[in-house]
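The values are calculated or read from the model by the stated rules, or taken from the named source; none is laboratory data. Given the structure is predicted, the values throughout are model-derived calculations rather than measurements. A quick note on method: Cβ atoms are made from the backbone with ideal geometry, for glycine too, and the neighbour counts reach across all protein chains shown.
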């Protein structure tokens, strides 16, 4: 897979932050199609409103990307979903199903930070201590990834005449018994078309880096000063190698926040970071005013393309193949 | 105008018949093919069904791996994501998904279904189940399946919390759940998503009488269906509700063809496809014995030790096998093929006659249609039975409203 000089590009949007008119499904479908036409690897959708804000978006992120999958063909669709709001079996199943619906373009953005107050809506008025939350999140994510591997790629036989729908040997129990969860498995959704949905980790602290190195496909890191960025990138890649994984098996995207003020100077910033190899790409955090996204597409992306930093088309059909990750399903 | 019946299209992977996946006209890859479901949804919408209905379990259906591998039910789509995809590819039909009160929290479930409701412009419904399977329980902790009464107490509180959240209320503080905030999504386009239930036990009926908009049931005979209908509607006054506030829709598994002979042939063809292991395993569980497979399959049922749990059902099976002179294999196919639901094998006129009799006899407000295999048998119902019902004025020719509540003739909640 040619990953070479090009940089990975994602855009993330919190639909619950829209002020004034909520974004409609047709607005969001338009956004996804535009991002697809511009060759972005993926969009990341979050739905968490700040506490006390009036309801602004009518949609929850996982149901939204299921719908968006039917109006796009290439772009990766990643939804943020919280480890507090779902049981691990249910979440693993939802994303496995989204991956089937999108033909291998789904991903889960797991935040490693506890959202204030969320637990209070899920029968946990006091939430979790920081330490418990970290151990719980790690156990949770391990279960989800384990469930995604429950069916071998060749397990389904569809042998009508022989009367064998699947190979009993191709289905594996998880049999997880841990500190917070006990999950027998297997998942009742077939193996992902891209091997497994993509795991994106965000809101990491220093103490999460080894865990991320072991498990993540994509890590979103806050943008820092260029030198610091580069050191952080090197550090994480070393940890990835230390787990016995190829350094390239984890893509580090620098989070770049765009404000409603626009995109001036952005192209230069991205170019500099790309050439200094301080990340594998960028996640552009968009404000809910989608006009800024148009500016990005019209004014910034052509510039990046001119420097050869952005590829013209999606090389494959799955999100893993866009990201240059192993197990792309369509190589 | 004559009263009109409500119809649900109950979608289930390759089909409701246990051997559907082996039938040459079934789509064997249904469980991994989203386009298959898109096509089914369009067929159902073109036929003006009130809703698509999806069953669900958060786990395998069968613990014995060898038996499970001879059915198509171990893999499929997760229904809420599936219906969310269908929501933006359809425009009128209702979209109902099953979800468990035992393995979810009210805030998350209320929020997800409300999102589906917004994506579909007010066409979503939730089928509440408490999940009675050990297999599912093992995916959600080490404690195992909770007793029936505990599950229903949790379900009652769960339903109360969800309906409160859908009506914009903040906070719930109860025995099983606590919720601090109101939902952060705007109110449903149809007031609130539709509540569907299927519990047949005494507590299940009470819960339905109190909270359900639609009740799905299994009833073999007219008398059974009528008794259930009268009982449930009779319980509603205690909760200050009108009988018409609930639509009772029993399941029906039709096998329909141009002639009765063809329909019978079609059914026999399916029955022949039931693997002996699968049929015998199901029959064994009906009879509560484990070594049925040791006996010659073409021979008669052996003398059985009296079972503890299910005396009446065992007696029923034994009596039928003696009366009709059925072998173990024949008996196994008979039970595996029917699985407790009302089956009608015949022409469109015959099927319509039976549906009309139950509808007009006050035993049903409509039916949840369970085609034997997909897409063929949904097509058959849509092209043969629906026009016959329409000719009789028993079913709509066009959608009157835009929301699921409107199709079902349900009040918009305040």
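Structural remarks
- Within the span defined as segment B:139-150, one or more residues are in a loop (DSSP other than H, G, I, E, B), out of contact with any strand residue (DSSP E or B) (no Cβ under 7 Å at 6 or more places or on another chain) and at the interface with chain A (Cβ under 9 Å from one of its Cβ atoms).
- Subset of segment A:54-63 (residues that are more than 7 Å from every other protein chain (Cβ to nearest Cβ) and either touching a strand residue (DSSP E or B) at 6+ places or on another chain (Cβ under 7 Å) or without any contact (Cβ under 8 Å) to a residue 12 or more places away in the chain (or both)): A:54, A:61
- Unmet criterion (only one of (1) closer than 30 Å to residue A:206 by Cα; (2) buried (at least 22 other Cβ atoms within 10 Å of the Cβ); (3) more than 7 Å from chain B (Cβ to nearest Cβ); (4) touching a strand residue (DSSP E or B) at 6+ places or on another chain (Cβ under 7 Å)) for residue A:89: (3)
- Any hit, segment B:129-148, residues being touching a residue at least 40 places away in the same chain (Cβ under 8 Å), buried (at least 23 other Cβ atoms within 10 Å of the Cβ), assigned by TED's automatic domain parsing to the domain that holds residue B:209 and within 30 Å of residue A:19 (Cα to Cα): no
- Qualifying residues in segment B:90-109 (those that are touching a strand residue (DSSP E or B) at 6+ places or on another chain (Cβ under 9 Å) and at the interface with chain A (Cβ under 8 Å from one of its Cβ atoms)) - the one farthest from residue B:278 (Cα to Cα): B:107
- Residue list for segment A:200-222, filter: free of Cβ contacts under 8 Å to residues at least 40 places away in the same chain and either part of a loop (DSSP other than H, G, I, E, B) or closer than 18 Å to residue A:284 by Cα (or both): A:216, A:219, A:222
- Flag for residue A:164 being at pLDDT 95 or above and in contact with a strand residue (DSSP E or B) (Cβ under 6 Å, 6 or more places away or on another chain): yes
- Scan segment B:116-128 for residues that are under 19 Å from residue A:23 (Cβ atoms) and crowded, with 21+ Cβ neighbours inside 10 Å and the total you get is 6.
A quick yes/no check of all residues on (1) more than 8 Å from chain B (Cβ to nearest Cβ); (2) surrounded by fewer than 24 Cβ atoms within 10 Å (Cβ to Cβ):
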site	(1), (2)
A:52	yes, yes
A:66	no, no
A:78	yes, no
A:85	no, yes
A:93	no, no
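- Checking residue B:35 against (1) in contact with a helix residue (DSSP H, G or I) (Cβ under 9 Å, 6 or more places away or on another chain); (2) more than 9 Å from chain A (Cβ to nearest Cβ), the condition it does not meet: (1)
- Applying a threshold of 6 Å to beta carbon distances and a minimum spacing of six or more residues, or different chains, the list of pairs starting in segment A:151-180 at a residue that is more than 9 Å from chain B (Cβ to nearest Cβ) and ending at one that is at pLDDT below 95 and assigned to a helix (DSSP H, G or I) is empty.
- Of all residues in segment A:141-150, one or more are within 11 Å of chain B (Cβ to nearest Cβ) and assigned to a helix (DSSP H, G or I).
- Of all positions in segment B:15-28, at least one carries a residue that is away from every other protein chain (no Cβ under 11 Å), within 24 Å of residue B:388 (Cβ to Cβ), buried (at least 24 other Cβ atoms within 10 Å of the Cβ) and under 17 Å from the mean Cα position of the chain (by Cα).
- Flag if residue A:172 is surrounded by 24 or more Cβ atoms within 10 Å (Cβ to Cβ), closer than 30 Å to residue B:19 by Cβ and modelled with pLDDT of 95 or more: no
The rows are residues; the columns are (1) at positive phi; (2) at pLDDT below 95; (3) touching a helix residue (DSSP H, G or I) at 6+ places or on another chain (Cβ under 9 Å).
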site	(1), (2), (3)
B:311	no, yes, no
B:318	no, yes, yes
B:329	no, yes, yes
B:335	no, yes, yes
B:341	no, yes, no
B:362	yes, no, yes
B:365	no, no, yes
B:371	no, no, yes
B:379	no, no, yes
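- Number of the condition not met by residue A:24 [criteria: (1) surrounded by fewer than 23 Cβ atoms within 10 Å (Cβ to Cβ); (2) touching a residue at least 12 places away in the same chain (Cβ under 8 Å); (3) over 19 Å from residue A:137 (Cβ atoms); (4) more than 8 Å from chain B (Cβ to nearest Cβ)]: (2)
- Subset of segment B:49-89 (residues that are without any contact (Cβ under 8 Å) to a residue 12 or more places away in the chain, within 7 Å of chain A (Cβ to nearest Cβ) and either in contact with a strand residue (DSSP E or B) (Cβ under 7 Å, 6 or more places away or on another chain) or more than 18 Å from residue B:100 (Cβ to Cβ) (or both)): B:65, B:69
- A count restricted to segment A:95-105 and to residues that are touching a strand residue (DSSP E or B) at 6+ places or on another chain (Cβ under 6 Å) and either over 20 Å from residue A:188 (Cα atoms) or more than 9 Å from chain B (Cβ to nearest Cβ) (or both) stands at 2.
- Hits in segment A:6-28 - residues which are touching a strand residue (DSSP E or B) at 6+ places or on another chain (Cβ under 9 Å) and under 9 Å from residue A:288 (Cα atoms): A:13, A:14, A:15, A:16, A:17, A:23
- Flag if residue B:394 is assigned by TED's automatic domain parsing to the domain that holds residue B:36, out of contact with any strand residue (DSSP E or B) (no Cβ under 9 Å at 6 or more places or on another chain), part of a loop (DSSP other than H, G, I, E, B) and surrounded by 17 or more Cβ atoms within 10 Å (Cβ to Cβ): yes
- Among the residues examined, residue B:401 does not qualify as out of contact with any strand residue (DSSP E or B) (no Cβ under 9 Å at 6 or more places or on another chain) and in contact (Cβ under 8 Å) with a residue 24 or more places away in the chain.
- Some residue of segment A:10-20 being farther than 27 Å from residue A:324 by Cβ, more than 12 Å from every other protein chain (Cβ to nearest Cβ), surrounded by fewer than 22 Cβ atoms within 10 Å (Cβ to Cβ) and free of Cβ contacts under 8 Å to residues at least 24 places away in the same chain: yes
- Which numbered condition residue A:109 fails, given (1) under 19 Å from residue B:112 (Cα atoms); (2) crowded, with 23+ Cβ neighbours inside 10 Å; (3) touching a helix residue (DSSP H, G or I) at 6+ places or on another chain (Cβ under 8 Å); (4) more than 10 Å from every other protein chain (Cβ to nearest Cβ): (3)
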